[in-house]
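Report on the structure given below.
The values are calculated or read from the model by the stated rules, or taken from the named source; none is laboratory data. These figures come from a predicted structure and were not determined experimentally. Cβ sites come from the backbone with ideal geometry, for glycine too, and all protein chains shown count toward neighbours. For accessibility, only protein heavy atoms count, side chains too; no ligands or nucleic acids. Shrake-Rupley method; radii C 1.70, N 1.55, O 1.52, S 1.80 Å.
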Amino acid sequence: LRCMLGRRSVPCLPRVPVLGSLLHLRSSLPPHLLLTQLSHRYGPLFGLYAGPHFTLVVSEIGLVREVLLQRGREFAGRPKMVTTDVLTQGGKDIAFADYSPLWKSHRRLVHNSFTLFGEGSGKLHTIVQEAADDLCEELQSCRGQSSDLSPVLMRAVTNVICRLVFSSSYQRNDPELLTVMDYNDSIVQTIARGGLVDIFPWLRIFPNKDLKKLKQCVSVRDQLLHRKLLEHKVHRKKCNCIFSSGEDDITEDHVLMTAAEAFGAGVETTSTTLLWTIAFLLHHPQVQECVHSELDECVGQARAPSLSDRSHLPLLDAVLCEVMRIRPVSPVLIPHVAMQDTSLGGHSVPKGTRVLVNMWAIHHDPKHWDEPEQFSPERFLDSSGRRVTPSSFLPFGAGPRVCVGESLARIELFLFASRLLQRFHFSVPPGASLPELQGRFGVVLQPQSYSVTPVAAHSLRRTCSSTLAQTHL
Ligand code: HEM
Ligand code: PLO
């Protein structure tokens, strides 16, 4: 089947009235894998109907650049969805709000306050280093016992956001922290299952357990953050952040949603990427050894790694890139919408068309990556061991909707990963199996939970025997 886009047509999934192409989208595969499989049959640009909504699926880097960069503004809209409307009070946030002048100034404001904390700013550096130290202390206190890293990592990354937004942090087992982690997890689970509701908004009128649960969680979240914002008000005049912006149309609700989104996006993405990193290093012990050697050589044990070490630790940097390539936390980004009649790959695209950017397909495209299923950090290093960035690598998206947290995320990933690997060697607990690498798709692509044994590095003699290090160190 093909559908007409102007005078040219694109391949299109079969459709029936009301359901659209949904019958052809039933599958046990998670969406990014299903869409990748369909792109092998239908090509790098194909159409489908998500219920009544015409949707283009893009799986080739040239077309992706056209959507995100060349025509970035034309495609910078977001669809209206029931679940995200509940989450964001009808789009008073950044990620799920449609393009508008108010959204633009809101985004700029948040972006600027992140930049204030950005690279070169000692404050963020200190905040992240302290959180990383605290994390290591907690692992150290487990004395080599195996554990699930997820809750420990969550607290550490939550504390970074908490210090940035409220200048406060949580101790271990703080009941408020447990509440935060609990509602966050429920939101992640329910949003993921809310797919159907988002395709048929009229399902809202039927009882829906997930939607009810989502509303409950959002209400707990909003009360908690509202209280914290009030407590924080005392400091507002002093700080250089969004809360003292003076921007007229940005309301208290926008401020609340900004805080909520910083927590949501800041915590889920960073902790997930770190969990993937450890999972892949458990599968590739020779790579872990080489990262250890690189750290030993450049940093040693006497001091904590700092951002200025990054350029001297190309292998660690390459490992983090390879993790974000092979398991992008956001494998189909957030849906984009054409805000006006425009075009894509020479086809005309009518206003209101939804566009799914399949970043998973881009990061696994055999035309651009040798053995894409293989975990191989060397792809991000040239023959003399310097870091390179291939053009088919866009884990944060690009253009007007590029991740606002990118610089913060990169700083956190580097400082957390380097500190953890400087101080610990990670191994699979005796008798346990290696972590699953499939991932479960929710709002973000997370690894199945696994346990790991962290052993303090100074108690081991470390050698890097693999050729990887001999060429690169
Ligand atoms: C959007 C990736 C961390 C805040 C996005 C998008 C991606 C992404 C792919 C969607 C781009 C699109 O729809 O075209 C990541 C990755 C991260 C990360 C891989 C870490 C490993 C963070 C952090 C924050 C953050 C730490 C904030 C504290 C946001 C926001 C948006 C966004 C607000 C929405 C931007 C918009 O729609 O205009 N991110 N992100 N992200 N991210 Fe991140
Ligand atoms: C995570 C659960 C929180 O309770 C709410 C939330 C807010 C922002 C979302 C985030 C969740 C998941 C990851 C998202 C982020 C905005 C940008 C980010 C979707 C749902 C990515 C990776 O695109």
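Beyond 18 Å, what share of the Cα-Cα pairs of region 341-422 is found? Please give it as a whole percent. Tail of the P(r) past 18 Å holds 64 percent of the pairs. Between Ser391 and Ile205, the contour length at 0.36 nm per residue exceeds the Cα-Cα span by 62.4 nm.
Evaluated over the Cα positions of region 62-169, the convex hull gives a direction-averaged projected area, one quarter of its surface, of 10.5 nm².
Return the subset of Lys92/Lys123; Lys123/Lys233; Lys213/Lys233 for which the Cα-Cα distance in this structure is over 24 Å, preserving the input order. Going by Cα-Cα distance, Lys92/Lys123; Lys213/Lys233 fall outside the 24 Å limit.
Please go through the residue pairs Lys80/Lys212; Lys104/Lys212; Lys80/Lys209 and name each one whose alpha carbons sit more than 26 Å apart in this structure. Before the final figure, lay out each step's value.
Working: Lys80/Lys212 19 Å; Lys104/Lys212 31 Å; Lys80/Lys209 21 Å.
The answer is Lys104/Lys212.
Using R0 = 35 Å, the C-beta based FRET efficiency linking Lys351 and Leu196 works out to 0.85. Measuring r between the beta carbons of Ser147 and Glu297 and using R0 = 25 Å, the FRET efficiency lands at 0.30.
Rounded to the nearest 20 debye, the dipole size of the chain about its Cα centre is 1220 debye, using +1 on the Cβ of Lys and Arg and -1 on the Cβ of Asp and Glu. Here each label is just a point 7 Å from Cα along the line to Cβ, and for Leu69 and Lys123 those points are 3.3 nm apart.
Modelled label positions at Arg172 and Glu231, each set 7 Å beyond Cα in the direction of Cβ, lie 2.1 nm from each other.
Simple rule: put +1 on each Lys or Arg Cβ and -1 on each Asp or Glu Cβ in the chain, find the dipole, and look at Pro14, Leu281, Val220; the Cα lying farthest toward the positive end is Pro14. Heavy-atom accessible surface of the chain, averaged per residue, reaches 45 Å², computed with a 1.4 Å probe. Distance from the Cα centroid of region 40-59 to that of region 266-342 is 31 Å (rounded to whole angstrom). Each label was represented as a point 7 Å from its Cα along the Cα-to-Cβ direction; for Glu137 and His312 these points are 2.7 nm apart. Its DSSP H runs of at least 4 residues, each contributing -39,500 (n - 2.57), put the calculated 222 nm mean residue ellipticity of the chain at -14500 deg cm²/dmol, to the nearest 500.
A quarter of the convex hull surface defined by the alpha-carbon atoms of region 147-196 gives 4.2 nm² as the mean projection. For region 297-411, the dipole from Cβ point charges (+1 on Lys and Arg, -1 on Asp and Glu) about the Cα centre works out to 420 debye, to the nearest 20. Dividing the radius of gyration of the alpha carbons in region 1-142 by their Kirkwood radius gives 1.11 for Rg/Rh.
One compactness figure for the chain is 0.99, namely its Cα radius of gyration divided by 2.2 N^0.38 Å.
Rounded to the nearest 20 debye, the dipole size of region 57-97 about its Cα centre is 120 debye, using +1 on the Cβ of Lys and Arg and -1 on the Cβ of Asp and Glu.
Quick note on region 296-342: its Rg to Rh ratio, both from C-alpha atoms and Rh being the Kirkwood radius, is 1.30.
If you take the charge dipole of the chain about its Cα centre, with +1 on Lys and Arg Cβ and -1 on Asp and Glu Cβ, which of Val110, Leu87, Thr270 is farthest toward its positive end? The residue sitting most towards the positive pole is Leu87. Rounded to a whole number, what is D in µm²/s for region 1-83 from Stokes-Einstein with the Kirkwood radius over alpha-carbon pairs (20 °C, 1.002 mPa s)? Rounded, D is 155 µm²/s.
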